[in-house]
Amino acid sequence: VVDALTQELAEWAWAHKHTGDKGFKTFKLHESIQRLNEILADTLSDLDGAFQVWCKPYRPRPGFENTPDEKLGPDDVVNDFTIYVREEHKKAVPLYLYSGGETTLIAFAFLIAFWTLADERGQGTNLLLLDEVVSALDDRSAQIVTRFLDGLRSRGKTVIVVTHSPFLQDIKLDRTVIVTKTKGISTFLVE
């Protein structure tokens with residue numbers, strides 16, 4: 001795992017020696033993660049301002065958590081894409097320490113952030129298809145996602161949601177399709 005960081009540092013040093021810059025691969029990685037973190041911050045401010053989320057392509061080994069990034073060496077880190085979360089005034093911790101509902105809300109923020117990033121890079125789509133997006137969320141978080149989805153619609157995005165949840169009834173929908181199943185036959189009702 002550390003070998004990948006060592007290779008990245010070696011490529012950076014080679015590129016700096018031969019081209020005078022920090023190396024295209026490293027720059028692109030850090031530039032992309034920085035932009036993803038910016039989009040995540042924007043998305044979370046629209047969703048739930050209590051959370052802050054950011055990513056790093058590594059995490060410090062135990063004992064090196066308080067070492068500044070610029071002083072970390074290859075042996076001081078684990079080359080692991082780590083997602084950090086801070087809720088209000090709590091200490092920042094890796095995402096895997098959060099509960100299922102909180103993780104689902106943050107995963108939704110990531111989905112929107114990657115969707116936005118793809119759109120910025122010219123590879124995105126105006127369509128977002130979601131299946132049971134609020135099913136693992138508590139009432140408060142489900143309402144947050146519902147308001148956010150309604151905001152996407154108002155910005156001209158096409159959102160298709162498959163759900164059994166009553167929360168999404170609060171969204172001003174352009175069209176509703178109700179599917180019922182009787183004796184193995186599905187019937188579609190367009191409202």
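At-a-glance table
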| read-out | value |
| --- | --- |
| Check on D131, more than 15 Å from the chain's Cα centre (by Cα) and within 19 Å of L47 (Cα to Cα) | yes |
| Unmet requirement for D42, which otherwise passes all of (1) touching a strand residue (DSSP E or B) at 6+ places or on another chain (Cβ under 9 Å); (2) modelled with pLDDT of 85 or more; (3) open to solvent by 40 Å² or more (accessible area, probe 1.4 Å) | (1) |
| Residue satisfying all of: in the range 78-121; over 18 Å from D42 (Cα atoms) and open to solvent by 70 Å² or more (accessible area, probe 1.4 Å); modelled with the lowest pLDDT among these | F81 |
| From the options D138, D75, residue that is at pLDDT 80 or above, among the charged types (D, E, K, R), in contact with a helix residue (DSSP H, G or I) (Cβ under 9 Å, 6 or more places away or on another chain) and under 15 Å from L47 (Cβ atoms) | D138 |
| Any hit, the range 174-182, residues being within 15 Å of V53 (Cα to Cα), open to solvent by 80 Å² or more (accessible area, probe 1.4 Å) and modelled with pLDDT of 80 or more | no |
| Residue in the range 52-67 that is nearest to L40 (Cα to Cα), counting only those that are free of Cβ contacts under 8 Å to residues at least 40 places away in the same chain and open to solvent by less than 60 Å² (accessible area, probe 1.4 Å) | C55 |
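The values are calculated or read from the model by the stated rules, or taken from the named source; none is laboratory data. Remember, it's a predicted structure, so these values are computed and weren't measured experimentally. Methodologically, a virtual Cβ is constructed for each residue, glycine included, from the backbone with ideal geometry; neighbour enumeration extends over all protein chains shown. Heads up: the accessible areas ignore ligands, DNA and RNA and are worked out on the full protein's heavy atoms, side chains in. Shrake-Rupley method; radii C 1.70, N 1.55, O 1.52, S 1.80 Å.
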